[in-house]
């Protein structure tokens, strides 16, 4: 099957309802609300879906970047969490020497509606995430994918996809996640 042509937009207050529509649809990530790597302290201890949704909503309301949505015919169908690394809890892997933390943008999650999986939508989502980070001034895009055989963290993507897009492995985080980086300063 061919991939549908998607349109992308960053999640801000005007797209909050679209994010809710995608996350609360059948099979959506309505229990985590993409807060696994964002929540810290008391916020992390209140781990139910309702509190996580409110925490993410608060970030969107404050103008903090949280990610992008992919649309097919005006309907939200895909999500990528891409934001400055400084907006997440420690993700593992080495620090980038000499870089301020806002120059590194991290990809920590992909979600695609089931009926569009295996149709190269994730490739489009990754391309859009890289373009989004570049437009916002990122010098490095960092990701934490796993091998295809991994039993967990699959929502972070697979090493092979990131390699195809020029990401290079710079370390590991835990026992399963690879830390991979794409330098945006060496690309035109």
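The values are calculated or read from the model by the stated rules, or taken from the named source; none is laboratory data. All figures in this text were calculated on a predicted structure; none of them were measured in a lab. Using ideal geometry, Cβ is built from the backbone for each residue, glycine included, and neighbour counts are taken over all protein chains shown.
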field: Pairs where the first residue, in the range 40-53, is in a helix (DSSP H, G or I) and the second is exposed (fewer than 15 other Cβ atoms within 10 Å of the Cβ), C-beta under 7 Å, 6+ apart
entry: 49/31
- line: Across the range 170-188, the tally of residues that are within 18 Å of the chain's Cα centre (by Cα) and free of Cβ contacts under 8 Å to residues at least 40 places away in the same chain stands at 3
message: With the requirement that a residue be without any contact (Cβ under 8 Å) to a residue 60 or more places away in the chain, over 22 Å from residue 86 (Cβ atoms) and in contact with a helix residue (DSSP H, G or I) (Cβ under 7 Å, 6 or more places away or on another chain), what does the range 17-34 give you?
response: 30, 31
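For (1) assigned to a strand (DSSP E or B); (2) surrounded by fewer than 19 Cβ atoms within 10 Å (Cβ to Cβ); (3) at negative phi; (4) at pLDDT 95 or above, each residue gets a yes or a no:
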site: 3; (1), (2), (3), (4): no, yes, yes, no
site: 17; (1), (2), (3), (4): no, yes, yes, yes
site: 30; (1), (2), (3), (4): no, yes, yes, no
site: 61; (1), (2), (3), (4): no, yes, yes, yes
site: 82; (1), (2), (3), (4): yes, no, yes, yes
site: 86; (1), (2), (3), (4): no, yes, yes, no
site: 115; (1), (2), (3), (4): no, yes, yes, no
task: Would you mind stating whether residue 163 is surrounded by 14 or more Cβ atoms within 10 Å (Cβ to Cβ) and modelled with pLDDT of 95 or more?
output: yes
statement: Counted residues in the range 54-63 being touching a helix residue (DSSP H, G or I) at 6+ places or on another chain (Cβ under 6 Å) and under 14 Å from residue 81 (Cα atoms) come to 1
message: For the range 173-188, which positions are within 30 Å of residue 114 (Cβ to Cβ) and loosely packed, with under 15 Cβ neighbours inside 10 Å?
response: 174, 175
field: Selected residue (only one of 69, 36 is modelled with pLDDT of 90 or more and in a loop (DSSP other than H, G, I, E, B))
entry: 36
message: Can you say whether residue 6 is under 26 Å from residue 158 (Cα atoms), in contact (Cβ under 8 Å) with a residue 24 or more places away in the chain and under 16 Å from the mean Cα position of the chain (by Cα), as far as the supplied structure shows?
response: no
message: Within the range 120-139, does at least one residue satisfy the condition of being in contact with a helix residue (DSSP H, G or I) (Cβ under 7 Å, 6 or more places away or on another chain), surrounded by 18 or more Cβ atoms within 10 Å (Cβ to Cβ) and in a strand (DSSP E or B)?
response: no
- request: Report, by residue number, each residue of the range 35-53 that is loosely packed, with under 15 Cβ neighbours inside 10 Å and either within 16 Å of residue 17 (Cα to Cα) or touching a helix residue (DSSP H, G or I) at 6+ places or on another chain (Cβ under 6 Å) (or both).
  value: 50
field: Complete set of residues in the range 140-167 that are out of contact with any helix residue (DSSP H, G or I) (no Cβ under 9 Å at 6 or more places or on another chain), under 14 Å from residue 93 (Cβ atoms) and not in a helix (DSSP H, G or I)
entry: 153
